[in-house]
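*Asks:* Pasting a structure here, questions to come.
The numbers here are math on the coordinates, done by the rules we state, and not lab data. Remember, predicted model here, so these are calculated numbers, not experimental data. Here the Cβ positions follow ideal geometry from the backbone for every residue, glycine too, while neighbour counts run over all protein chains shown.
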Amino acid sequence: MALLRSLVTEPQLTKCKSQIDVEYRKLEMARERGGVEAATRLIAVGQRFVPTASSLTIGAVLSDETLQIVLAELDAGSAGAWIRNELGTGLACDLDQAWVRRQYAPRNCPRFHAPHGWHQDGALGFDFLSHQHGTFPSDALLPMVTVWIALDSCGAEAPGLELVTQRLETLLAPGDLTDDRVRARFAAAEFWRPVMQPGDALLFRGDVLHRTHVTPEMMKDRTSIEIRFFEANKIPERLKGDRFINLTDSHALSKLREASWNAR
């Protein structure tokens with residue numbers, strides 16, 4: 001994993017925050033007046049809202065122009081080099097697995113909201129119910145990279161992330177993801193709670209175990225963006241119904257609506 005400081009700089013940080021704050025104000029007002037159903041009705045067709053995580057797919061919040069610029073900046077800079085070192089030269093972003101998330105201070109949590117528990121992003125789309133015996137196929141853990149961008153200061157006064165720094169070769173079963181079991185499995189020195197500033201980004205592979213870090217003492221909320229990348233020529237079978245944008249040409253990223261493609 002890598003922590004890149006000031007990966008997203010002005011004016012893109014301000015533009016992202018402005019667009020996101022407008023949408024969350026609408027959602028929060030709708031939730032207060034009409035509950036989750038009222039908030040869900042605000043979401044554009046083809047986009048998703050997850051009330052338990054107060055999360056929106058990125059296309060529900062950011063304009064195509066803003067998303068295009070953010071992806072181009074990630075692709076052309078140090079983040080793009082790090083991701084290519086992990087996945088290869090041809091990259092694709094999964095638009096259906098790219099999210100804007102808001103984590104609340106405990107006193108501010110809306111109804112049904114909860115922090116994320118321990119998980120691996122490489123479990124995306126895996127059918128755990130069909131493998132209750134605990135023996136998973138070799139492709140259960142997806143080769144991928146998550147770029148997690150903080151839009152607010154987090155990790156101290158606002159919820160951040162807690163990660164296990166030890167690499168894992170396999171997918172963990174849901175029963176192994178309770179906090180007690182995770183703490184028993186790894187040494188205390190292998191848990192990391194980075195303090196991040198707006199525009200900082202964490203980059204990590206799909207095997208990395210992580211969760212929301214939140215304490216009762218935190219008084220501020222945090223908004224973040226999560227973007228998931230895959231090798232363009234090796235889209236996982238279980239994600240082939242998702243919409244992807246191909247970032248193969250880092251110097252000529254075309255219009256989002258033109259470059260978006262459905263991997264089939």
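*Asks:* Net charge within 12 Å of Glu32 by Cβ-Cβ distance, Lys/Arg positive one each and Asp/Glu negative one each, not counting Glu32 itself?
*Replies:* So the environment of Glu32 carries a net charge of +4.
*Asks:* Here's another thing I want to ask about it. Find the centroid of the Cα atoms in segment 158-236 and in segment 94-133, then give the distance between the two in whole Å.
*Replies:* Each part's Cα centre sits 11 Å from the other's.
*Asks:* Here's another thing I want to ask about it. Can you tell me the alpha carbon radius of gyration of segment 99-222 divided by the globular rule-of-thumb value 2.2 N^0.38 Å?
*Replies:* Compactness ratio reported: 1.10.
*Asks:* For a test of understanding, tell me how many lysine pairs in the chain have Cα atoms under 27 Å apart, given they are 8 or more places apart or on different chains.
*Replies:* Close lysine pairs under the 27 Å cut-off: 9.
*Asks:* Please list, ordered by chain and number, the residues whose modelled amide H lies under 5 Å from the amide H of Leu209; skip anything fewer than 5 residues away on the same chain.
*Replies:* Here Val164 satisfy the definition.
*Asks:* Next question. Just to check I understand the Karplus step: with θ = phi - 60° and J = 6.51 cos²θ - 1.76 cosθ + 1.60, what whole-Hz values come out for segment 210-226, glycine and proline as x?
*Replies:* Along segment 210-226, the couplings run 7, 7, 6, 9, 9, 10, x, 7, 5, 10, 10, 8, 9, 10, 9, 10, 10 Hz.
*Asks:* OK, next. Under the definition of Cα pairs under 8 Å and six or more residues apart, what whole-number percent is the relative contact order of the chain?
*Replies:* Working: 497 pairs, mean separation 79.8, N = 264.
Taking the mean separation of contacting Cα pairs over the length of the chain, I get 30 percent.
*Asks:* Provide the per-residue ³J(HN,Hα) series for segment 8-13, in order, calculated from phi with Karplus coefficients 6.51, -1.76, 1.60 and θ = phi - 60°, each as a whole number of Hz, with x at glycine and proline positions.
*Replies:* 9, 10, 5, x, 5, 4
*Asks:* Taking square-rooted eigenvalues a ≥ b ≥ c of the alpha carbon gyration tensor, is segment 2-259 rounded, prolate or oblate, where a/c under 1.5 means rounded and, failing that, a/b exceeding b/c means prolate?
*Replies:* Values: a/c = 1.30, a/b = 1.03, b/c = 1.26.
It comes out rounded by the Cα gyration axes.
*Asks:* Stretched out fully, how many nm does the piece from Glu190 to Gln12 gain, at 0.36 nm a residue minus the Cα gap? Don't jump to the answer; show the numbers that get you there.
*Replies:* Working: separation 178, 0.36 × 178 = 64.08 nm, distance 3.34 nm.
Working it through step by step, the gained length comes to 60.7 nm.
*Asks:* Measuring from the lowest to the highest alpha carbon on each principal axis, how far does segment 1-149 reach, largest first, in angstroms?
*Replies:* For segment 1-149, the Cα extents along the three principal axes come out at 48, 47, 31 Å.
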